[in-house]
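Since the structure comes first, as structure tokens, the remarks are kept for the end.
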Amino acid sequence: EKRLRSMDIPFETEADLRARGTARTPDILLSCPVGLRVRRKDAPIVQTSTTSAAEIANIDKGTIISSSVGENTKQEKKINNLREELRNINYHDDEFYEWKIICWIDSKAQYGDIETHNNSVLPQVETYVHRFGPGMVLYWFGHAPLSRLGDGHGDVVIYGGDLPDFFLMPTGDFHGRNGKLSIEDDDGDDEVGT
């Protein structure tokens with residue numbers, strides 16, 4: 001919950017949903033669907049990027065690239081590299097990644113083994129798919145290979161470890177670990193932050 005709040009992503013908690021009388025509740029119901037870039041189930045694991053998603057998400061909130069910043073400063077170079085990564089995110093490694101829409105998150109403080117996932121967790125979260133749409137199961141301690149885990153006909157994203165570094169909001173903005181990440185507005189001004 002704290003991480004989603006720091007990302008400026010609106011949501012309701014399981015307690016909020018139960019107070020409203022909702023019978024089956026995920027841990028988090030997002031107030032609006034968000035996009036999530038995930039590795040395809042059949043994609044090989046290959047290092048293809050020089051800048052990690054964590055680096056993109058760790059841009060200081062409020063940092064603005066402008067003519068007042070020296071062109072050769074380390075910070076400006078770093079931000080320009082991050083901006084370029086965000087700009088190319090839809091094209092870079094398309095054969096390995098795809099975008100998924102999620103409406104809820106269910107967090108599991110366990111390792112996602114094949115038997116528990118397919119026989120216990122998946123039937124539980126499929127009820128959320130029927131009520132709220134596609135969503136994500138977050139296994140805190142990782143999970144078995146995606147090719148061996150059921151995904152509810154593509155409606156359940158399986159993620160291991162921590163929350164993803166950023167989400168794509170319906171407005172087209174990326175929200176990451178430090179809030180909103182803008183890369184370029186319509187008049188050509190380059191910005192990073194809010």
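Quick look at the numbers
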item	result
H153/F96 FRET efficiency (R0 22 Å; Cβ-Cβ; nearest 0.05)	0.55
Amide N proximity, segment 143-163 versus T116 label position 7 Å along Cα-to-Cβ, cut-off under 19 Å	143-152, 157-163
Restricting segment 1-45 to trypsin sites (Lys or Arg not before Pro) in coil, as DSSP defines it, with at most 15 other Cβ within 10 Å	R20, R24, R40, K41
Linear extension gain, F141 paired with E126, 0.36 nm per residue minus alpha-carbon span	3.3 nm
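Readers should treat all values here as calculations from the given coordinates under stated rules, not as data from a laboratory. Please read all numbers here as calculations on a predicted model, not as lab measurements. Because the Cβ atoms are built from the backbone with ideal geometry, glycine has one as well, and the counts that use them run over all protein chains shown.
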